[in-house]
Each structure stands twice: as structure tokens, then as C-alpha cells.
Amino acid sequence: MIAHSEWKHGRIFDGVSQSGHTVRFDATPAHSEGPSPMEAVLMALCGCTSVDVVSILEKKRQTLTSLRVSATAEQASEP
């Protein structure tokens, strides 16, 4: 897998995957153009966990009617 990010302007970046998908990252306080990079990491964690859960349930031939995976995180106040 290969990915890269491209600076667009200010604190706005586009993340680009090898498969050609793009995600706009907005590191401004407003996050009006997209999630912050840290929000995207947390969403990706939930997505990966969801894929695992669905895969396990499919292998066990269990019926899935809905699924929501949530995560709460706190970012350090200083680097």
C-alpha cells in the first residue's frame, strides 16, 4: 500500500491512496473542509474494527442487522 498527502493551502491537505481515492484533511480549528488528520486516524480505527467484526460474524454465519463502532480519544495539549 502506498499513500501520500498534498498540501493545498493554509492547513488543508489532500490524502491520496494508491487506489486513487482522496480524502481532504482540514487541520484548522473549524474543520470545515474535512476531518482533521487525527479525526481521520480515529475513524480509520473504527473502520478497521468494523471490518474485523463483520468478517468474524460472516464466518460464524451470524445475521448482522446493524453495527456501530465508536471510539473516544483525547489529543495531547502539547506535541
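What does the charge dipole of the chain about its Cα centre add up to, to the nearest 20 debye, if the Cβ of each Lys and Arg holds +1 and the Cβ of each Asp and Glu holds -1?
Numbers: 7 positive and 9 negative charges, 88 e Å.
I would put it at about 420 debye.
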Query raised in the report: On average, how much accessible surface per residue is there in the chain, in Å², for a 1.4 Å probe, leaving out ligands, DNA and RNA?
Result: 84
Report task. Set the Förster distance to 25 Å, then compute FRET efficiency between Met38 and Arg68 from the Cβ-Cβ distance, nearest 0.05. Result -> 0.75
Query raised in the report: To one decimal place, what orientation-averaged projected area in nm² is obtained for the convex hull of the Cα set of the chain?
Result: 7.5
Requested in this report: Could you list which residues have their amide H under 5 Å from that of Lys8, counting only those 5 or more apart in sequence or on another chain, with H placed in the peptide plane?
Outcome: Phe13, Asp14
Query raised in the report: How about the chain: which GluC sites (Glu not before Pro) there lie in a loop by DSSP and see at most 14 other Cβ atoms within 10 Å?
Result: Glu74
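With a 1.4 Å probe and all protein chains kept in place, how do Met1, Met43 rank by accessible area, largest first?
On the way: Met1 225, Met43 110 Å².
The most accessible residue leads, giving Met1, Met43.
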**Report entry** Once exposed loop trypsin sites (Lys or Arg not before Pro) are cut out (DSSP; at most 16 other Cβ, 10 Å), longest piece of the chain
**Finding:** 12-59
Query - the chain: angle of helix 37-59 to the longest principal axis, Cα-based, in degrees nearest 10 - result: 10
Report task. Work from the charge dipole of the chain (Cβ charges, +1 for Lys and Arg, -1 for Asp and Glu, about the Cα centre) and give the residue of Thr22, Ala40, Ser50 farthest towards its positive end. Result -> Ser50
Requested in this report: Could you calculate the FRET efficiency of Lys59 with Ser19 from 1/(1 + (r/R0)^6), where r is the beta carbon distance between them and R0 is 25 Å, rounded to 0.05?
Outcome: 0.50
Query raised in the report: Roughly speaking, to the nearest percent, how much of the range 31-79's 1.4 Å accessible area is carbon and sulfur?
Result: 55
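The values are calculated or read from the model by the stated rules, or taken from the named source; none is laboratory data. As the structure is a computational prediction, the values presented were derived from the model and not from experiment. Here the Cβ is made from the backbone with ideal geometry for all residues, glycine too, and neighbour counts use every protein chain on show. In case anyone asks, the SASA skips ligands and DNA or RNA and just uses the protein heavy atoms, side chains included. Shrake-Rupley method; radii C 1.70, N 1.55, O 1.52, S 1.80 Å.
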